[in-house]
Structure formats: structure tokens, C-alpha cells
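These notes concern the structure reproduced below.
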Amino acid sequence: MTSATKVVLIALLAALLASGGTAAAVPGAGPTTGPTTGPATGHGTSEPVAAAGPAKAERKVVALTNKRRKAHGCGPLVLRKTLRKAARRHTVRMAEAGQLEHQLPGEPDLGRRVTNAGYTGWTMLAENIAYGYPTPRAVVRGWMGSQGHRANILNCRLNHIGVGLVRAHGVAWWTQVFGRK
């Protein structure tokens, strides 16, 4: 294991311990969120963030996620523009605030965010977030190495996905939003 990998793992553990490991559940949706992944900075910035949604990288996350699901007997997740919209909006908010959180102060919960983005009639939701992973492969590998994130990815009852990516100040911020109708 390289020293850089050790630093990332220590930061991941610190972030998980600081966040309590999980975020609040969406009422009526069953288990919905996993722990955060990545070092939370805890400070905002007045500098603008890069435009949300580099589509190629987001599609690569979907493909890699579906590859992992297939290997575990789950069907593929279908990309939904409304979930992508919710994921991108949340990712922009996290990057602007400099905080890795499932719900930022003053922000609606996951259920309200996806409904506001147009994903209505859902029966189940889940969300994975991460910070600092430079590539789609790295972030999916990171999520698969975390029990809560892995459980979301390998939840065969979920059938839709949206991914948001923002690069702010050279750092990648990621959100995966999963849904079921």
C-alpha cells in the first residue's frame, strides 16, 4: 500500500467517524443512504466551481456501477435525467459549501430533492457521495470498498440512477442517486 493510499484511507475513516457513518433515512423509503466517502473539508469558498456534470465521466460511473452489479447478479441501473439533475444540484451545493454531507444546512432532504428534480412516484431512494477521487474508476472503487456504499450499489431492488460530478479547485465531488419506481 502506498503512502498516498494510506493517507486517503485515514481521511476516509476520519470522515466516516465524524459523520457517524450514515445519513438520515428518507421517510417511507426504507434504507436510503450510505456513509460519506472522502475527506470533508468543512469550509466553504467564495470561488466559483466548475460547471456540473461532465457527462462522459458521469456515464462512466454508471457503466462501472452496472458492471459491479452484474457481477453480483443485479440488473443494470437505467440512467434517469431527473435523478442526474438531483445528483448534479447536490454536488454543486457540496462543492460550493466545501462540505461532504447528504443534507446541507437549509437544503431539502433526499426525497424532496429528487421530487423537486422531477423524479416522482418513487418508492425507494439511496445516495452515495464522495470527494477527492479523481476518476470514475477511483470513485466506484472507493464506494465498493465501503460497506454502506457497496450495499447501495448492490441493492438489486433499485433500478434507476443519476450521477453528478463537479470539479472545484482541482478536486472532484461526486454524487450517485439511486431510485425505484
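At-a-glance table
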| quantity | calculated |
| --- | --- |
| Among 133-141, 120-128, the order from most to least packed when residues are scored by Cβ within 10 Å on average | 120-128, 133-141 |
| Per residue, the convex hull volume that the Cα atoms of the range 41-181 enclose (Å³) | 96 Å³ |
| Summed residue charge, Cβ within 10 Å of Gly118's Cβ, Lys/Arg positive, Asp/Glu negative | +3 |
| Solvent-accessible area, 1.4 Å probe, carbon plus sulfur percent, for the range 120-175 | 53 percent |
| For the range 50-181: accessible area per residue (Å², 1.4 Å) | 43 Å² |
| Reachable lysines, given that their alpha-carbon falls under 17 Å from the alpha-carbon of Lys81 and they are not under 8 places away in the same chain | Lys56, Lys60, Lys181 |
| Length released on extending from Leu79 to Arg59, taking residue separation times 0.36 nm less the Cα-Cα span | 6.4 nm |
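The values are calculated or read from the model by the stated rules, or taken from the named source; none is laboratory data. Note that the structure is predicted; figures quoted are calculated from it, not measured. Every residue, glycine as well, gets a Cβ built from its backbone with ideal geometry; the counts of neighbours run over all protein chains shown. These area figures cover heavy atoms from the full protein model, side chains too; ligands, DNA and RNA do not enter into them. Shrake-Rupley method; radii C 1.70, N 1.55, O 1.52, S 1.80 Å.
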